Amino acid sequence: MLRDKRGLEMTAADQAAVDAYDATIDAYLAQGRDTGELLKRLGDTDPDMVMGHVLRGYFFRLPAQVHLLPRAEKSLEAARAAAPRANAREKLHIAALEAWAAGDLRKCNATWDRIVIDYPHDILAFRLAHFLHFYIGDLERMRNSAVRTMPRWSQEVPGYSFMLGCHAFALEENGHYAEAEPLGRRAVAMNENDIWAGHAIAHVLEMTGRRQDGIQWVDEHEEAWRARGIFAHHIWWHRTLHYLELEQYERVLDAFDRQFWTEASEDNTDIGNASSMLMRLAMLGIDVGDRWESIAEVSAGRLEGRLRAFNDVHFMMALAMGGKTAEAEMMLASMREAAAAARPGQTMAEVYARAGVPIAEAILAYAKGEHARVVEIMEPARYEMRPIGGSWAQRDCWVRMLIDSALRDGQDALARALLAERVAVQPTSAPSWRAYGDVLARQGAADDAATAHARAANLLAA
Ligand SMILES: [Fe+2]
């Protein structure tokens, strides 16, 4: 009987194949640059390993890239053909892959959740469910999955830090910042390569507005995380959010150019980082030069194939703000078409209908200067955004868009109310205090305006 490093039974040619599988999973968990290479090696070691086919099926779907889908389909077919040899756990993995391919992401997640209930050390099923729960905004499921699985783990089981990191992130996205922080810090202390745990802490520090701590956290681990894969760019993006809230706009632009958009990238997270940072800058009235151009260019290549609404609204920002209005209209039409396919079992179509299309419509309206329209869409839509996935910090871009549109449309009473919310929740944002002070002054609340402006000044002086 062959077993992986966590003791799970594996159907494979020999132990060398299982070792190759373990090495691939390890690299995936640590967001290693060599994950693809190791996956290939696994295929060379045992071309017909059941979990090898499944893993390729998963990994060709994870990046949400249209050109990878034929390979994902091929892997699923191979997994199906191998199913008679598979053990019960592996059969469930094949079922999860089938559900994913069929567009039923909730069924896919439920299958992984079930695997983890029966086999708590199946870290692949756990990590994938963690990710896909996150990407459709199923935050309670993400938290529950971590909370019920952790008692089945201990430091003696290989990969424990990765579990801690996921637990930390799940707690953080559910607003339990104080509980999340020690878990994430412990994970990174155990394994500095655990960039996902590091990312959980970056989120804690962002959501609690600890600007200097947030910058320091990334500075301290920069060397280790630079050696990780492309996900490190997202960590630099997080550090840059702190520069933004400290109104250090030169540093923001420098980080954009030299850290997270050093060249045009096809990676969806890269595009998301770049697009949402420029959007934030544009809304603050900062001149971003010709920086939209390359993101818009890449996004123009994504007009076909609606795979993930979260990515699409970032393409939409680049197209609309980068002056490619015709392409932006085409993107919106394509998203509407995807939304029209909404029916039970088509998770992403439902996400397009509920969140993707309204946000995309608002972005296009914003770029056209139709600010009243943005307000009209986003006032209700801000409460419906969660299924689009991504983090609270990422979705915040479109709350900012609502506030900025209220200001630009002269809806000062609304802007004042929204900014009052914002400074209450994010009291360390200098630009928010400044905008709040401005609108208070216009509304004749001179004392409150002076207090708000002083808060902005104090934050910058600190
Ligand atoms: Fe993040």
Does ARG306 count as touching a residue at least 24 places away in the same chain (Cβ under 8 Å), of a type in the set (Lys, Arg), assigned to a loop (DSSP other than H, G, I, E, B) and more than 16 Å from the ligand (Cβ to nearest atom)? yes
Would you mention how many residues in the range 380-394 are more than 12 Å from the ligand (Cβ to nearest atom) and either among the hydroxyl-bearing types (Ser, Thr, Tyr) or in a helix (DSSP H, G or I) (or both)? 8
Count - residues of the range 180-216 that are within 26 Å of TYR28 (Cβ to Cβ) and in a helix (DSSP H, G or I): 23
Of (1) more than 30 Å from PHE315 (Cα to Cα); (2) touching a residue at least 24 places away in the same chain (Cβ under 8 Å), GLY43 satisfies all except one. Which? (2)
Give the residue, chosen from ARG210, ARG185, that is away from the ligand (no atom under 16 Å from the Cβ) and basic (Lys, Arg). ARG185
Within the range 238-268, which residues are part of a helix (DSSP H, G or I) and surrounded by fewer than 18 Cβ atoms within 10 Å (Cβ to Cβ)? TYR249, GLU250, ARG251, ASP254, ASP257, ARG258
For the structure I just gave you, tell me whether GLY209 is in contact with an Asp or Glu (Cβ under 8 Å, 6 or more places away or on another chain) and either surrounded by fewer than 23 Cβ atoms within 10 Å (Cβ to Cβ) or farther than 21 Å from ASP122 by Cα (or both). yes
Among the residues of the range 35-52, are any touching a Phe, Trp or Tyr at 6+ places or on another chain (Cβ under 7 Å) and within 14 Å of ILE123 (Cβ to Cβ)? yes
ALA168 under 18 Å from the mean Cα position of the chain (by Cα), free of Cβ contacts under 8 Å to residues at least 60 places away in the same chain and under 13 Å from ALA30 (Cβ atoms): no
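Every number here is computed from the coordinates shown, using simple stated rules; none is lab data. None of the values given here were measured: they were computed from a predicted structure. Using ideal geometry, Cβ is built from the backbone for each residue, glycine included, and neighbour counts are taken over all protein chains shown.
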